[in-house]
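Notes follow the structure.
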Amino acid sequence: MRAYDVGMRRKPRLVTPIDRGRGRSRHGRGGRSSVTGPELAPIITRAEAFDRIVGDSAHYLLGLWPEELAGVVFQVADMPTDQTLPDAMPRWRIDRETRRVTVFRIPVERVNRSPEKDDADRRIIIETAVFRAVGELIDKDPWDLAPDRYRHW
């Protein structure tokens, strides 16, 4: 695993995704140059966008609950690796002893497989998974973690 810089802004590294290669490396050669060229921003993959949203949500919750979330490590993994899984695929895992929250990207993304969903809907689904995982970790209702965040709805 590697530490992940959760956004373009300089923040402490909170989210550590499973190490993913950027592009492909054929026959030991490095990645190729950007398709978009130097004048456009690099293409952001779904996994990188997911990591950023999880990191942004973690920073937001750390700002609201600094004492309760002190020392908590947030991770992103593609899928759970347990051999003994229940019938339902878990979207996150918490470990109270090591104060670790792991959000699983593929099960969370599978929730929003509807073509009508846009980027805002995807962001809300990912944030909801983070809020529920943190709520489970600190024994609070997810709606109580940030009561003013969704008040305009």
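State the antiparallel share, in %, of DSSP beta bridges confined to the range 43-143, rounding to the nearest 5.
Values: 4 of 9 bridges.
Within the range 43-143, antiparallel bridges account for around 45 percent of the total.
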Quiz prompt | Pairwise FRET efficiency - Asp119 versus Arg99, Cβ, R0 = 30 Å, nearest 0.05 | solution = 0.45
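Throughout, read-outs are computed from the coordinates displayed, never taken from laboratory work. Every value quoted in this text rests on a predicted model; they were computed, and no experiment measured them. Every residue, glycine as well, gets a Cβ built from its backbone with ideal geometry; the counts of neighbours run over all protein chains shown.
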